[in-house]
Amino acid sequence: MDASLAGMDEKITVTVSDDADAVAERLRAAGVNVDQVLGAAGIITGSVAAERRASLADLPGVASVEAEHTFQIAPPDAEIQ
Amino acid sequence: MAHGADSYETGAPLSDQTAEFTGRYIVVFADDVQNDPGAITEALQSVAGVSNVASTLDFEGGALDLDQAESADATVFAELGVAVVAADPSRGAGIAAMAEADSRIVAVEPERVLRAIEGPVSLEYVRGFRDGVSGLYDQLSGNGLAAAELDVAAASSFSDNAGFTWGLQACLAAVSPKTATDIAVAVLDTGLDLKHADFAGRPIVSQSFVAGQPVQDGHGHGTHCVGTSCGPKAPLGASPRYGVATQAKIFAGKVLSNQGSGSDEGILAGINWAIANRVQVISMSLGADVRQVSQAYETVGRRALEAGTLIVAAAANNADRSGGDPGFVGMPANSPSIMAVAAVDSKLRIANFSARSNPVRGGKVDIAGPGVAVHSSWPMPTRYKSISGTSMATPHVAGVAALLSQATGAKGAQLWAKLTQTARPLSLPSADVGAGLVQAPM
């Protein structure tokens, strides 16, 4: 791990394959700061220290861990939106 | 006939089925003679005795000449390895018997009646057939140039009039008797102008998933998209009707800020909210120019379908077709379980900015909607505005999905199938428009 990343928190989007509340507990225990547990969607959002992120994928009930995506639409006066 | 016996023998004897057939037979050629016009003509001559053959290979881009097709004894769709031969039932049976022993031919099937035909071979029928085959040709060849020259039987040019926007006319919402009563549509966007006169009195459930910003739309994009999908039957201002599902229950979720930005956190929370509220349709006019499928969105799209919620999303505006760049379907529309929507203009041409299918699994365009010069609601005091984008095509599809759900009771994957099955085929590559132009139920 790049030393410069140590200690920096990354926003993550976790897809769960198990009961979301149970997975959220495991993520917290693994050092994730859980922001949202979205039961109907089966998604947990939060942040974690960069050096810990890779290990999360091995937790039971975790289907995938992705860096949070961001979206930007065009400004209001743009012709194409 | 190596494998074709099944297709011929599964039906009742030909004499009993004559009324259902067109008086033509479809001859399917083996792979090794497909694309070899000489071999196909030879095979046709030996099994059917016909020599006056029109072939799509004779015409630029595979676009068949109608006059020639009508006068020929057989028409060969070389790219498909298929020929259509005119023959009465007894001769058809003879052709099938001859083909049985011929390895160049895989199957001979009576051509089924696909629509009402006036007279033995109506020009309209052949034209429909040609358009369908041209669409297939485009799919196979990736060439949309010839298809663009084809005429279509239905109206192919629209304009806003006093009663309806061009988009409502083109997707048949203007004439559909359905209103989406009892159907809920969630629009996940920049929110909604809750004080807009055209939405006064409508049942609206709203929620902001953007920290520190209320649902009230400080951008405009969300108000425009809610307008197209769910705007009223009779706008209060000087405006034609612009909304598709006029009585749908509106769920306005703010997942993009007034500055137009958003993230997974808010968008997935908005989807979760919509699923939990059992809405039938989620409209998402948002995306990122990322080719790779996100497992999060794909999983959520699948779970939504299982829960009876269809998610439609804008394909992307990253094309510059006039500059030679067809772009690519972005995330999350590139998820296999999320319907990707392309934009066409009022002459049913692909919009210059509308993204083409992306080779990743699920990355294809699924359907098209009106998305150029779309008039809809805008936050007061502006009230109405005309803008373009796959963002504007998406709520047309979402609104029609709501009408279809009301008309058929279909939800989730079933609703997806209804939308694509009832879409109007366009003379454009499916890589650009998927199943074609979305159509409201009659």
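The values are calculated or read from the model by the stated rules, or taken from the named source; none is laboratory data. Nothing here was measured: the structure is a model prediction, and the numbers come from that model. Cβ placement follows ideal geometry from the backbone for every residue including glycine, while neighbour counts extend to all protein chains displayed.
Among the residues here, A:Asp35 qualifies as farther than 30 Å from B:Ile387 by Cβ, within 13 Å of the chain's Cα centre (by Cα), at pLDDT 95 or above and charged (D, E, K, R). Looking across the stretch A:5-28 at every residue that is of a type in the set (Lys, Arg) and closer than 26 Å to B:Val210 by Cα, the one that is nearest to the other protein chains (Cβ to nearest Cβ) is identified as A:Lys11. Among the residues of the stretch B:273-286, those identified as crowded, with 24+ Cβ neighbours inside 10 Å and either under 19 Å from B:Leu192 (Cβ atoms) or more than 7 Å from chain A (Cβ to nearest Cβ) (or both) are B:Ala274, B:Val279, B:Gln280, B:Val281, B:Ile282, B:Ser283, B:Met284, B:Ser285, B:Leu286. Counting the residues of the stretch A:29-81 that are at the interface with another protein chain (Cβ under 7 Å from one of its Cβ atoms), assigned to a strand (DSSP E or B) and free of Cβ contacts under 8 Å to residues at least 24 places away in the same chain gives 7. The residues of the stretch B:287-321 that are closer than 15 Å to B:Trp416 by Cβ, among the charged types (D, E, K, R) and either in contact with a Phe, Trp or Tyr (Cβ under 8 Å, 6 or more places away or on another chain) or facing another protein chain (nearest Cβ under 9 Å) (or both), listed by number, are B:Glu298, B:Arg303. Checked against the criterion of being modelled with pLDDT of 95 or more and within 14 Å of another protein chain (Cβ to nearest Cβ), the candidates B:Lys178, B:Lys254 yield just one match: B:Lys254.
Show me the strands (runs of 3 or more DSSP E) found entirely inside the stretch B:201-265 where at least 2 residues are more than 14 Å from B:His375 (Cα to Cα) and under 27 Å from the mean Cα position of the chain (by Cα). Spell out the reasoning first.
On the way: elements: B:204-208, B:249-254, B:261-263.
Counting at least 2 such residues, we get B:249-254.
Scoring B:Gly324 on the criteria (1) farther than 18 Å from A:Glu66 by Cα; (2) within 14 Å of chain A (Cβ to nearest Cβ); (3) free of Cβ contacts under 8 Å to residues at least 12 places away in the same chain leaves a single failure, condition (2).
Go through the residues of the stretch B:334-342 one by one and say whether even a single one is facing chain A (nearest Cβ under 10 Å) and not polar (S, T, N, Q). Looking through the stretch B:334-342, none of the residues is facing chain A (nearest Cβ under 10 Å) and not polar (S, T, N, Q). Could you check the stretch B:241-263 and list, in sequence order, the residues that are surrounded by fewer than 24 Cβ atoms within 10 Å (Cβ to Cβ), of a type outside the set (A, V, I, L, M, F, W, C) and either touching a helix residue (DSSP H, G or I) at 6+ places or on another chain (Cβ under 8 Å) or without any contact (Cβ under 8 Å) to a residue 12 or more places away in the chain (or both)? Listed by number, the residues that qualify are B:Arg241, B:Thr246, B:Gly260, B:Ser261, B:Ser263.
B:Arg361 meets all of the listed conditions (1) closer than 29 Å to B:Ala307 by Cβ; (2) modelled with pLDDT of 95 or more but one, namely (2). Of the listed requirements (1) closer than 28 Å to B:Met442 by Cβ; (2) modelled with pLDDT of 95 or more; (3) more than 28 Å from the chain's Cα centre (by Cα), B:Gln169 misses just one: (3).
Among (1) farther than 21 Å from A:Thr45 by Cβ; (2) more than 9 Å from chain A (Cβ to nearest Cβ), which single condition is B:Gly330 missing? Of everything listed in (1) farther than 21 Å from A:Thr45 by Cβ; (2) more than 9 Å from chain A (Cβ to nearest Cβ), B:Gly330 misses just condition (1). Considering only the stretch B:289-303, state which residues are closer than 19 Å to B:Ile367 by Cα and hydrophobic (A, V, I, L, M, F, W, C). Hit for the stretch B:289-303 is B:Val293, nothing else. Within the bounds of the stretch B:340-355, is there any residue that is buried (at least 24 other Cβ atoms within 10 Å of the Cβ) and among the basic types (Lys, Arg)? No - not one qualifying residue is present in the stretch B:340-355. The listed residues are B:Leu268, B:Leu236, and the only one of them that is over 21 Å from B:Leu403 (Cβ atoms) and within 10 Å of another protein chain (Cβ to nearest Cβ) turns out to be B:Leu268. Against the test of being assigned to a helix (DSSP H, G or I), of a type in the set (A, V, I, L, M, F, W, C), in contact (Cβ under 8 Å) with a residue 12 or more places away in the chain and farther than 20 Å from B:Ala211 by Cβ, the options B:Leu268, B:Leu305 yield a single qualifying residue, B:Leu305.
So is B:Ala304 surrounded by 21 or more Cβ atoms within 10 Å (Cβ to Cβ) and in contact with a helix residue (DSSP H, G or I) (Cβ under 6 Å, 6 or more places away or on another chain) or not? Yes, satisfied.
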